[in-house]
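Engineer: Sending over a structure as structure tokens; questions will come in a sec.
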């Protein structure tokens, strides 16, 4: 049995994580902290946890081995560095940092402390991505020339970040304020597909983007964008992401000299000259793909309970923040930017 605490409960994914924990018997939530008392009280009651007004109570409690940080992004660094200094394992919701500077500072602190780390890149556990990772590593596509990721939903169209009537803990409006969140709609959703693209292709040498605020429901916040990257291996990458879409049918495309892949409506269409079983005549069957992995949050819970599971490295997470930062800088200045 592990004992954990929530530090910050302001992220829109927090209720989902709480529901996951309610189905488990191997983890106890002892404390909840948030700078907004009402928000902390609501989540504390849901978890049956003690609400504290000072997070140092959590750092100083030796019973607490892990901390879940689902706060506003601009609060991540202070919380992460305090947790790392207290030798607490960390789940930090994405994006890790506002940009490269705080992202790498957090990665340094986490690595120095030697604690477990995980962030919310749940798409790595999808069977289609696990199979594509294997095939890319095996060279089944030959020289990959292009890759395109797309992750879009209707968050701005549906007002997902607005407060809900009679629910004082439901306002996620800060997520549409880049001064607090670090990014807008493009970065919020784009970081998931960006993670998959970098996971498959390696580091990025140059990046830029075009971003816009679409419906302008959230003034001062971008709601959509298109990114462009040159990977160090020579491939060209494009990234679509935003909160203004009613559908996202094609989530990934890979084009290489020996193969091609397209994920359409969740189904993998795959042709490879080096893997004869994939001839493109029909979508790849579920039986031909690896099993789906648990959600990234559940992997963290399993890891702190002693199981061996694949986690995202802190420096990996920081690098995604750095590449996204380069895209936003490129969009602002109309230039190509080398990620820090």
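The values are calculated or read from the model by the stated rules, or taken from the named source; none is laboratory data. Note that the structure is a prediction, hence the values are computed from the model and not measured. A quick note on method: Cβ atoms are made from the backbone with ideal geometry, for glycine too, and the neighbour counts reach across all protein chains shown.
Engineer: Has the range 275-291 got at least one residue that is modelled with pLDDT under 95 and crowded, with 20+ Cβ neighbours inside 10 Å?
Structural biologist: yes
Engineer: Going by the structure shown, is residue 195 under 21 Å from the mean Cα position of the chain (by Cα), over 27 Å from residue 310 (Cα atoms) and either touching a residue at least 40 places away in the same chain (Cβ under 8 Å) or surrounded by 14 or more Cβ atoms within 10 Å (Cβ to Cβ) (or both)? Let's see the steps before the verdict.
Structural biologist: Numbers: under 21 Å from the mean Cα position of the chain (by Cα): yes; over 27 Å from residue 310 (Cα atoms): no; either touching a residue at least 40 places away in the same chain (Cβ under 8 Å) or surrounded by 14 or more Cβ atoms within 10 Å (Cβ to Cβ) (or both): yes.
No, not satisfied.
Engineer: Name the single residue that is surrounded by the fewest Cβ atoms within 10 Å (Cβ to Cβ) among those in the range 227-247 being over 19 Å from residue 140 (Cβ atoms) and touching a helix residue (DSSP H, G or I) at 6+ places or on another chain (Cβ under 6 Å).
Structural biologist: Ranking the candidates gives 244 first.
Engineer: Mind checking whether some residue in the range 202-218 is part of a helix (DSSP H, G or I), under 18 Å from residue 100 (Cα atoms), touching a residue at least 12 places away in the same chain (Cβ under 8 Å) and touching a helix residue (DSSP H, G or I) at 6+ places or on another chain (Cβ under 6 Å)?
Structural biologist: First pass over the range 202-218, keeping only residues part of a helix (DSSP H, G or I): none.
Taking every residue of the range 202-218 in turn, none turns out to be part of a helix (DSSP H, G or I), under 18 Å from residue 100 (Cα atoms), touching a residue at least 12 places away in the same chain (Cβ under 8 Å) and touching a helix residue (DSSP H, G or I) at 6+ places or on another chain (Cβ under 6 Å).
Engineer: Go through the range 1-25 residue by residue and tally those that are in a loop (DSSP other than H, G, I, E, B) and in contact with a helix residue (DSSP H, G or I) (Cβ under 7 Å, 6 or more places away or on another chain). Don't jump to the end; show me each part of the working.
Structural biologist: Of all residues in the range 1-25, those in a loop (DSSP other than H, G, I, E, B) come to 1, 10-13, 23-25.
Filter once more, keeping what is in contact with a helix residue (DSSP H, G or I) (Cβ under 7 Å, 6 or more places away or on another chain): 10, 12, 24.
The number of residues fulfilling the criteria is 3.
Engineer: Let me ask something else. From 250, 263, grab the single residue that is surrounded by fewer than 17 Cβ atoms within 10 Å (Cβ to Cβ), within 22 Å of the chain's Cα centre (by Cα) and at pLDDT 95 or above. Break it down stepwise before answering.
Structural biologist: Values: 263 fails: surrounded by fewer than 17 Cβ atoms within 10 Å (Cβ to Cβ).
Result: 250 is the single residue among 250, 263 that is surrounded by fewer than 17 Cβ atoms within 10 Å (Cβ to Cβ), within 22 Å of the chain's Cα centre (by Cα) and at pLDDT 95 or above.
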